[in-house]
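Novice: Dumping the structure here so I can ask a few things about it.
The values are calculated or read from the model by the stated rules, or taken from the named source; none is laboratory data. Because the structure is a prediction, the values reported are computed rather than measured. Ideal geometry is used to build each Cβ from the backbone, glycine not excepted, and the neighbour counts take in all protein chains shown.
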Amino acid sequence: MQHLLSLKDYSKQQIEQILKLAMDLKANPAKYADALKGKSVITLYEKPSLRTRVTFDIGINRLGGHAVYLDSQNGAMGSRETVQDFAANLSRWSDAIVARVFEHKTLVELTEHATVPVINSLCNLYHPCQALADYMTIAEQHDDLSKVHLAYVGDGNNVTNSLLLAGAILGATVTSVCPRGRNVDAQILKEAEALAAMSGGKVQVADSLDGLTDVDVLYTDTWVSMGDNTPMEQVTELFMPYQINQKMLDNTGAKQVLHCQPAHRELEITSEVMDGPSSFILDQAENRMHVQNAVLLTLINRDMH
Ligand code: CP
Ligand code: NVA
């Protein structure tokens, strides 16, 4: 475990260890107040962020470490100087690099030239920190993740990919329900199926919720990811049948609703559900900080657990 680019590189045991540490960080913050003392983490953004930026910054501070925020104001990575030089320089000053990038290949290039851990905080293909927070939030309500059925509804994207892969490793049942042509990438689905075959989990894709009545957790994300320029009218028409609303909760039997946010109220989720008793969306946002701190401790400070 040197970097975190995708959870598919992690074993069930490693993910469970991170979730366990995250829960301890949440329950006993004082124990970890100096865990990253003297350590510096660069957080690098090619795209906007609220939750990721704030949770890494405040989370690192709560462990006694120092976070340095870098956006693209001095030119996108690779334009003012190469990604190789970027990675080599940052490695001389910092103890880890957290990066939100357009293309997954930029992260791979960072790992090739960095001598410190690189953590993916969202790319076109994956959002592993999000999926860790999601399964932590589910685990807070369910003792046994292998008995959980999560249905992701909406646009098959980076968040869906990471949910499928992590769910498959953890032995959960994950169904991705997306309009035809907008479901998850075939290659990632194949990888998730192979991981599920090893863990006893199950991954499946569908284009409608018809007949899905045994769902524990309903999950959605924006219909328009950063960098997607599909016109809004087109998006609304295609995705409206996939909106998470009270009727969908009643039909599927789901007791827990998740959304990684930013949310678009009355589009992918109604306010009634988002603000209702089944919503664990703010727990999910809080848990980003705890799992990310667990990842940082695991990758930077191996003595703490
Ligand atoms: N869920 C998430 O990653 O939110 P931000 O884009 O605001 O960081
Ligand atoms: N799928 C979304 C997630 C935002 C946190 C995006 O990539 O924009």
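Novice: Take region 271-282 and flag every residue that is crowded, with 18+ Cβ neighbours inside 10 Å and over 14 Å from the mean Cα position of the chain (by Cα).
Specialist: V273, M274, S279, F280
Novice: If you take the residues in region 159-182 that are closer than 20 Å to H127 by Cα and out of contact with any Leu (no Cβ under 8 Å at 6 or more places or on another chain), which one is farthest from ligand 1 (Cβ to nearest atom)?
Specialist: Looking at the filtered set, the residue picked out is C178.
Novice: Which one of the conditions (1) over 30 Å from D95 (Cβ atoms); (2) in a helix (DSSP H, G or I) does W223 fail to meet, given that it meets all the rest?
Specialist: The single condition W223 does not satisfy is (2).
Novice: Of all the residues that make up region 202-230, how many are more than 16 Å from ligand 1 (Cβ to nearest atom), of a type outside the set (D, E) and either under 15 Å from G154 (Cα atoms) or touching a residue at least 60 places away in the same chain (Cβ under 8 Å) (or both)?
Specialist: Residues flagged as more than 16 Å from ligand 1 (Cβ to nearest atom), of a type outside the set (D, E) and either under 15 Å from G154 (Cα atoms) or touching a residue at least 60 places away in the same chain (Cβ under 8 Å) (or both) within region 202-230 amount to 10.
Novice: Hey, another quick one. Which members of region 71-92 meet the condition of being touching a Ser or Thr at 6+ places or on another chain (Cβ under 7 Å) and either loosely packed, with under 13 Cβ neighbours inside 10 Å or under 14 Å from T115 (Cβ atoms) (or both)?
Specialist: S91, the sole residue that qualifies.
Novice: Which count do you get for residues in region 259-291 that are touching a residue at least 60 places away in the same chain (Cβ under 8 Å) and either within 14 Å of ligand 2 (Cβ to nearest atom) or of a type in the set (A, V, I, L, M, F, W, C) (or both)?
Specialist: Residues meeting the conditions: 10.
Novice: Count, please, the residues in region 204-220 that happen to be crowded, with 16+ Cβ neighbours inside 10 Å, part of a loop (DSSP other than H, G, I, E, B) and either in contact with a helix residue (DSSP H, G or I) (Cβ under 7 Å, 6 or more places away or on another chain) or among the basic types (K, R) (or both).
Specialist: Matching residues across region 204-220 total 3.
Novice: Now a separate question. For region 180-195, does any single residue satisfy the condition of being surrounded by 18 or more Cβ atoms within 10 Å (Cβ to Cβ), among the aliphatic types (A, V, I, L, M) and out of contact with any strand residue (DSSP E or B) (no Cβ under 9 Å at 6 or more places or on another chain)?
Specialist: Yes, region 180-195 has at least one match.
Novice: Would you mention how many residues in region 260-294 are within 19 Å of L19 (Cα to Cα) and in contact with a strand residue (DSSP E or B) (Cβ under 6 Å, 6 or more places away or on another chain)?
Specialist: 3
Novice: More than 14 Å from ligand 2 (Cβ to nearest atom) and not aromatic (F, W, Y) - does that describe any residue in region 217-224?
Specialist: yes
Novice: What are the pairs with Cβ atoms under 9 angstrom where one residue, in region 139-165, is closer than 16 Å to S208 by Cα and the other, located anywhere, is hydroxyl-bearing (S, T, Y) and assigned to a loop (DSSP other than H, G, I, E, B)? Sequence gap at least six, or different chains.
Specialist: Listed by first residue and then by second, the contacts come to G154/T222; D155/T222; D155/S225.
Per-residue answers, yes or no, for (1) within 16 Å of ligand 1 (Cβ to nearest atom); (2) assigned to a helix (DSSP H, G or I):
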{"residue": "T43", "(1), (2)": "yes, no"}
{"residue": "G59", "(1), (2)": "yes, yes"}
{"residue": "V68", "(1), (2)": "no, no"}
{"residue": "V108", "(1), (2)": "no, yes"}
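Novice: Can you give me the ranges of the helices (runs of 4 or more DSSP H) entirely in region 226-305 with at least 2 residues that are assigned by TED's automatic domain parsing to the domain that holds Q13 and either polar (S, T, N, Q) or farther than 30 Å from D214 by Cα (or both)?
Specialist: Per the criteria, 281-300.
Novice: Right, another one. Which of (1) within 16 Å of ligand 1 (Cβ to nearest atom); (2) within 23 Å of Y45 (Cβ to Cβ); (3) among the hydroxyl-bearing types (S, T, Y) is the odd one out, the single condition T115 does not satisfy?
Specialist: Going through (1) within 16 Å of ligand 1 (Cβ to nearest atom); (2) within 23 Å of Y45 (Cβ to Cβ); (3) among the hydroxyl-bearing types (S, T, Y) one by one, T115 breaks only (1).
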